[in-house]
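The values are calculated or read from the model by the stated rules, or taken from the named source; none is laboratory data. Predicted model, so just to flag it, every value in this text is computed and none were measured. Here the Cβ positions follow ideal geometry from the backbone for every residue, glycine too, while neighbour counts run over all protein chains shown.
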Ligand code: NI
């Protein structure tokens, strides 16, 4: 079966590169993936796959029926949105839209979804159950997966695979990770309300800037002294505003930031832990506060059985030298985690690093991929899908 999958992929490889370049040249921002979605739907229909459009606003779902001897449904998820970045690569298929670029490789992901659909649609009787292809919008704003789930894209799904390109892994190789792959990411906003006064008479005022400084410092120190160091937290205050004049004590300060964590229990306790610290400081110094804590996405926890299927598929297809077991999770966020609330799944990293340096990071205006990775990704996904039915 592996040989057959590799042969079909090799035959369609030029077409896949064409597809990827088309999508790359026509990027669309999160939630506005209308043309991409229509294009995806067209390609899926042309391989005889049942297509549903406008799932999760601008998402697309394709379903391959298989022989239906097995009632499990395997989902394969890819994302389609681009970023508000002005492309600075010199490729001749560079973005034709000023200020919008596929700088996170979602053009490659969409192509992988389509390529896998093309390959699996040719395998006919080898697929005993259904495969559902999810082409989601708005991953960059961490909303698309929720939209897809709300519209029933995960209904009856038994397992899900996902993939993200990774420039620090060389093309033709893949990265596999057991357990935590990405972090939970929440948004934090704190308002501190003090009382204004003359800069020379601090005893007659409540200095919101000084209390904000205490809040930031205490939060950072408390992470190191009150939290389990083996369950990391990163708390970054990226915005601070307040005050009116150099000689006037500020009455209000707004702090805003992001909170990342890996352990589910730590994640669950974070809002209360932060509130206790802020409340105690504000009470001590006579201020009041308001906290807006918004849950973003949970962490991606890869399922051991499905991860093993991905690992075995990759080792058989590419040899041990091209399969990396990723040693550490990332504190980045990925809304693939939303699907994992519905069914177990696993996400792998697809190497897109070029042999010639430099390989710019994701979200960089000169980010480029080695397109040979497309075939690697398609074979890995298609073969893992095959093994899902035949191993477990
Ligand atoms: Ni991405």
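Of all residues in the stretch 123-138, none are surrounded by fewer than 24 Cβ atoms within 10 Å (Cβ to Cβ), in the same structural domain as residue 23 (by TED's automatic domain parsing) and within 12 Å of the ligand (Cβ to nearest atom). From the list 145, 159, the lone residue that is touching a helix residue (DSSP H, G or I) at 6+ places or on another chain (Cβ under 6 Å) and away from the ligand (no atom under 14 Å from the Cβ) is 159.
Taking the criterion of being surrounded by fewer than 17 Cβ atoms within 10 Å (Cβ to Cβ) and within 16 Å of the ligand (Cβ to nearest atom), would at least one residue in the stretch 207-229 satisfy it? No, the conditions are met nowhere in the stretch 207-229. Which one of 255, 306 is in the same structural domain as residue 381 (by TED's automatic domain parsing) and surrounded by 20 or more Cβ atoms within 10 Å (Cβ to Cβ)? On inspection, the qualifying residue turns out to be 306. Among residues of the stretch 10-31 that are under 14 Å from residue 373 (Cα atoms), those with a beta-carbon under 6 Å from a residue that is not in a helix (DSSP H, G or I) at least six positions away or on a different chain give the pairs 17/371; 21/93.
For every residue, the table says whether it meets (1) within 30 Å of residue 368 (Cα to Cα); (2) assigned by TED's automatic domain parsing to the domain that holds residue 55; (3) in contact with a strand residue (DSSP E or B) (Cβ under 9 Å, 6 or more places away or on another chain).
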{"residue": "155", "(1), (2), (3)": "no, yes, yes"}
{"residue": "175", "(1), (2), (3)": "yes, yes, yes"}
{"residue": "194", "(1), (2), (3)": "no, no, yes"}
{"residue": "204", "(1), (2), (3)": "no, no, yes"}
{"residue": "214", "(1), (2), (3)": "no, no, no"}
{"residue": "233", "(1), (2), (3)": "no, no, yes"}
{"residue": "237", "(1), (2), (3)": "no, no, yes"}
{"residue": "243", "(1), (2), (3)": "no, no, yes"}
{"residue": "247", "(1), (2), (3)": "no, no, yes"}
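Please go through the stretch 29-59 and give me each residue that is in contact with a strand residue (DSSP E or B) (Cβ under 7 Å, 6 or more places away or on another chain) and under 19 Å from residue 151 (Cβ atoms), ordered by number.
37, 40, 41, 44, 49, 50, 51, 52, 53, 55, 56, 59
Consider residue 367 carefully, then state whether it is modelled with pLDDT of 95 or more, under 19 Å from the mean Cα position of the chain (by Cα) and more than 29 Å from residue 155 (Cα to Cα). Taking the combined requirement at face value, the residue satisfies it.
Those strands (runs of 3 or more DSSP E) of the stretch 277-374 in which at least 3 residues are within 28 Å of residue 149 (Cβ to Cβ) and more than 15 Å from the ligand (Cβ to nearest atom), considering only elements entirely within it, cover 288-297.
Scanning the stretch 67-89 for residues that are under 16 Å from residue 124 (Cα atoms) and not in a loop (DSSP other than H, G, I, E, B) gives 73, 74. If you check residue 119 against the conditions, is it surrounded by 15 or more Cβ atoms within 10 Å (Cβ to Cβ), within 20 Å of residue 140 (Cβ to Cβ) and away from the ligand (no atom under 16 Å from the Cβ)? No; evaluated as a whole, the condition is false for this residue. Restricting attention to the stretch 82-110 and to residues that are touching a helix residue (DSSP H, G or I) at 6+ places or on another chain (Cβ under 8 Å) and closer than 17 Å to residue 347 by Cβ, the residue that is farthest from the ligand (Cβ to nearest atom) turns out to be 110.
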